[in-house]
Amino acid sequence: MNAMEKIHAVVPFIHSGKLSIKTKLQPATMHLLPNLLLALITLTGGCLPLLTRPLDDKRMHLLLAFSGSFLLGITCLHLLPETFSDLPQRAGIYLLAGFFFQLIIQRATHGVEHGHAHIHGPGRHIPVLPILFGLSVHAFMEGLPLGFNYRNSATNPSLFLAVGAHKLPEAMLLGILLKQAYSRNRALLLVSIFAMITPCSAILATMLGTHYGTMSRTVTAIIPVVAGAFIHISTTIFFESGTRQHLLTMEKVGAMLFGIVLAGMTLAFE
């Protein structure tokens, strides 16, 4: 294979009931810019509490409500249709597996991935390393579906937007936790490494899907697993973000509706 053929490497996508290789050649770097933007969003969110004052609780809760509803909308409108059209019998099993796998991850992360750390009480020790490990596993998982092209051309850019909206508050809270545990320079280094995990996972999925057929076949199971995790995260945000009594305020309803409407608008680009 010459250099030009390597540049125009094929990428996997879902088509006609199974994952196949797209016949029209596309550049291998087609996802580079979205991945760089995703890394920048995550890095910005993680650095904000390290360099400036973090958002107050009210604004953070509204951001969480928006990101959760937008993530849920993109999952239901794009990922699930792709999944159930290709795995009509097993999609539900993989979806449930992803939902409960995210529940297991939450035991390590204390809920940081949905913007709410289950750590209360003054002077309580914050287990930063388990949280960072759990978030890294979660970040790697959610990056895998970003490395593929789908039957619906609007799915991939919509998914990038949803993951970016989700990563912003997640990285903010991670930055707050790292600020409490480490020096600023070390915290900045850890945030920078964390910001690269999801984009590197997406690029890795693209490369493996291009050169190895087994990766192309297994992505049909990876997508519903990640979708199940997204459903867990977004629904948990709805119940846990807001007041101490988890009340559904008008501001929170407005943020949620805005996220759902914005997700619906992505259907116009199909």
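Of all the residues in the range 46-65, those that are in a helix (DSSP H, G or I) and surrounded by fewer than 23 Cβ atoms within 10 Å (Cβ to Cβ) number 11. Could you check the range 45-77 and list, in sequence order, the residues that are under 25 Å from residue 265 (Cβ atoms), of a type in the set (A, V, I, L, M) and in contact with a Pro (Cβ under 9 Å, 6 or more places away or on another chain)? Correct list: 60, 63, 64.
Quick check: anything in the range 45-56 under 15 Å from the mean Cα position of the chain (by Cα) and within 21 Å of residue 259 (Cα to Cα)? Checking the range 45-56: at least one residue is under 15 Å from the mean Cα position of the chain (by Cα) and within 21 Å of residue 259 (Cα to Cα). Could you check how many residues of the range 66-113 are closer than 26 Å to residue 175 by Cβ, of a type outside the set (A, V, I, L, M) and part of a helix (DSSP H, G or I)? Of the residues in that region, 12 qualify.
Any read-out appearing in this document is the output of simple, stated calculations on the displayed coordinates, not a laboratory observation. Worth saying up front: this structure is predicted, and the values here are computed from it rather than measured. All Cβ positions, glycine included, derive from the backbone under ideal geometry; neighbour counts span all protein chains shown.
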